[in-house]
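Right, one structure below, let's go through it.
The values are calculated or read from the model by the stated rules, or taken from the named source; none is laboratory data. Please read all numbers here as calculations on a predicted model, not as lab measurements. Note that we place each Cβ from the backbone using ideal geometry, even for glycine, and neighbour counts take in every protein chain shown.
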Amino acid sequence: MEWITAIDKRPCDRNVKDVEVIAVRLRRIEQLGRLPNSVLQQLALCAYYEDLEKGVTVFRQGDTGKCWYAVITGTLEVKITQPESETKKNKELMNDLVSSCKLKNGFGPGINPKPQMQQSSPTRRRSISPVHPNPAEPITETPSAAMSRVGWCLRTLLLCENTCLKDRKVSGKLVRRCAPGTELVDWLLQQSPGIHTRVQAAGMWQALLEEGIISHVNKEQPFKDKCFLYRFWQDEEGATNLPTVEDINTAEEQAREAVATLIQRGPDAMLRMILRKQSHERTADDLETIYEELLHIRALSHLSNSVKRELASVIVFEAHPKAGSVLFHQGDEGRSWYIILRGSVDVVIHGKGTVTTLQEGDDFGKLALINNAPR
């Protein structure tokens, strides 16, 4: 049927003829036929068709309303059960628009396990937990070569000036060469006229923290323009040497490029940090930042702005820097809707192998999540 072909297309792929064909079919539904033509046109632009097998659960009692359904053929049973316990796993997300929407971001090329630097990279394995993301932890197992150079440059200059990085006592324990976030922001603001605000400078330091170049001394905080103490990984691992004159000269030559790199990476680093916060920890400014970013994601273009604002409170950042990571297996319960920001994802089906490769901007997992069906 022509209207089925039209409505099977993604909203962004539908043309004027598709919308008109879908609207004509919707007009034949009694509940929709009385709506103004302009409203039907809008519905025809974003509606989608589902052919469900017997026994499929459309939604459960207590779920937040996400869709307006019209039964075109067949029947639908409505069952009412006693209220479930309030103590559910992931309760705060279950009470939102969707149970969980995760941004999947393969960190892409450029991650070098052995950066060519004057000093080596930290060798320990980074903690990356997509289920319980911690904004205080790195998102890569090892820093990229570019960010390793930037970190080396800034640390060399800081040690040369001997102002911020000092030995300090924390809970009775001596912590070597650490500095408060406020002082690091002050210092960075002095390095370039291109850094205009403290928020911008904090984002630049967060870009270093998310790759493990710096960290909070107790691993409890992302970078904040506050009195929390941070240190470079070399000092955490016990480095005691001071930079040579040659090191200082090299760092001064690379300083402008290093700051330019951080200016470019800072905003995205701040967004990723916000997306790794728990929903209840996000401030009004955090939600506005996420919302502004969602406006530019193709997979969400058919959603209303009010729905995008709801998503801003539950969407989560997830990083998979290693090729071959398995997001879920065929037959698993659908619990997430993924959107690929960077990288690609292979779809492998039992007995068929890789059937397709999803690229940047593609999304997957939505139908299993909505229908509460196996993947």
Listed residues Gly334, Gly365, Gly343; which is in contact with a His (Cβ under 9 Å, 6 or more places away or on another chain) and either within 30 Å of Leu189 (Cβ to Cβ) or outside the structural domain of Val150 (by TED's automatic domain parsing) (or both)?
-> Gly343
Exception for Arg25 within (1) in a loop (DSSP other than H, G, I, E, B); (2) of a type outside the set (Phe, Trp, Tyr); (3) touching a Phe, Trp or Tyr at 6+ places or on another chain (Cβ under 8 Å) falls at (1)
Of the residues Lys277, Lys322, which is closer than 28 Å to Glu141 by Cβ, within 13 Å of the chain's Cα centre (by Cα) and surrounded by fewer than 19 Cβ atoms within 10 Å (Cβ to Cβ)?
-> Lys277
Filter segment 3-39 down to residues that are touching a helix residue (DSSP H, G or I) at 6+ places or on another chain (Cβ under 6 Å), more than 22 Å from Leu300 (Cβ to Cβ) and among the charged types (D, E, K, R) and give me whichever is surrounded by the most Cβ atoms within 10 Å (Cβ to Cβ).
-> Arg25
Can you find even one residue in segment 6-20 that is modelled with pLDDT under 80, within 24 Å of Lys366 (Cβ to Cβ) and touching a His at 6+ places or on another chain (Cβ under 6 Å)?
-> yes
Filter segment 280-311 for residues that are of a type in the set (Ser, Thr, Tyr) and closer than 17 Å to Cys12 by Cβ; which is farthest from the chain's Cα centre (by Cα)?
-> Ser304
Inside segment 129-216, counting only helices (runs of 4 or more DSSP H) that do not spill past its ends, which hold 3 or more residues that are in contact with a strand residue (DSSP E or B) (Cβ under 6 Å, 6 or more places away or on another chain) and farther than 19 Å from Glu257 by Cα?
-> none
